[in-house]
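Before any comments, here is the structure.
The values are calculated or read from the model by the stated rules, or taken from the named source; none is laboratory data. Keep in mind it's a predicted model, so treat the numbers as computed, not measured. No Cβ is skipped: glycine too gets one built from the backbone with ideal geometry, and neighbour counts run over all protein chains shown.
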Ligand code: GRF
């Protein structure tokens, strides 16, 4: 078996998706390794989670830099220094800027708690509740310069149940994210998803994804 896909995971919060990635790696279900965990927030619980596992962490806080462009360049440098082959935004609450996008073009993925293009941006579960939809879900997509607009790699549907509020819906969606994100990372690591070129696509056998999968759209 070749070398594992080197990940830089960017986080701002709790880190349950990071935890799910690490658990999948531990049980041999995700052919990757987390080289570093970077955050814009010093108090992100995800950083503690990473440190406890001996994973390199760093805080690249926007307020420590003169302007957004400086922050963006510093983040790009730090990711590059880690040797990452794939950048995973796992609850990273800021938009990455042009320096990061240029340096890792097509090699940045994000997990979003809605079925994009529905409910992009902040508070996606809250948006779903307000829109009174019956089905929502999660999306793993390639990051481009827009807000949750890049090519979709995989989606999984999650029901909105009577009595749900944004919190309960988000919790249900996150359970599915924890399966979908490691599955997509594994598919990239094994070459089942090709990210090179303008249009990411599945090659060969479509990877096994959660049974609630809406569609592997890139076949
Ligand atoms: C996830 O729901 C993800 O979809 C969104 O931010 C949340 C991060 O949660 N982008 P966690 O920090 O991984 O628990």
Could you tell me how many of the residues in the stretch 6-15 are within 15 Å of the ligand (Cβ to nearest atom) and either in a loop (DSSP other than H, G, I, E, B) or surrounded by fewer than 19 Cβ atoms within 10 Å (Cβ to Cβ) (or both)? 4
Please find, among 79, 55, the residue that is within 16 Å of the ligand (Cβ to nearest atom) and touching a helix residue (DSSP H, G or I) at 6+ places or on another chain (Cβ under 9 Å). 55
Count of the stretch 144-170 residues which are under 22 Å from residue 104 (Cβ atoms) and out of contact with any helix residue (DSSP H, G or I) (no Cβ under 8 Å at 6 or more places or on another chain): 7
Within the stretch 126-143, considering residues that are closer than 30 Å to residue 105 by Cβ and in contact with a strand residue (DSSP E or B) (Cβ under 7 Å, 6 or more places away or on another chain), the one farthest from the ligand (Cβ to nearest atom): 142
Which one of these is at pLDDT 95 or above and surrounded by fewer than 16 Cβ atoms within 10 Å (Cβ to Cβ): 46, 3, 56, 29? 56
Residues of the stretch 143-201 being modelled with pLDDT under 90 and on the phi > 0 side of the Ramachandran plot, in sequence order, are 191, 197
Would you confirm whether any residue within the stretch 88-106 is within 11 Å of the ligand (Cβ to nearest atom), crowded, with 16+ Cβ neighbours inside 10 Å, touching a residue at least 40 places away in the same chain (Cβ under 8 Å) and over 13 Å from the mean Cα position of the chain (by Cα)? no
Of these, 171, 157, 189, which one is touching a residue at least 24 places away in the same chain (Cβ under 8 Å) and within 16 Å of the ligand (Cβ to nearest atom)? 157
Quick check on the stretch 125-139: of everything there that is crowded, with 24+ Cβ neighbours inside 10 Å and without any contact (Cβ under 8 Å) to a residue 40 or more places away in the chain, which residue is nearest to residue 8 (Cα to Cα)? 139
Considering only the stretch 116-138, state which residues are under 17 Å from residue 93 (Cα atoms), in contact with a helix residue (DSSP H, G or I) (Cβ under 7 Å, 6 or more places away or on another chain) and assigned to a helix (DSSP H, G or I). 125, 126
Filter the stretch 24-47 down to the residues that are within 14 Å of the ligand (Cβ to nearest atom) and free of Cβ contacts under 8 Å to residues at least 12 places away in the same chain and list them by number. 43
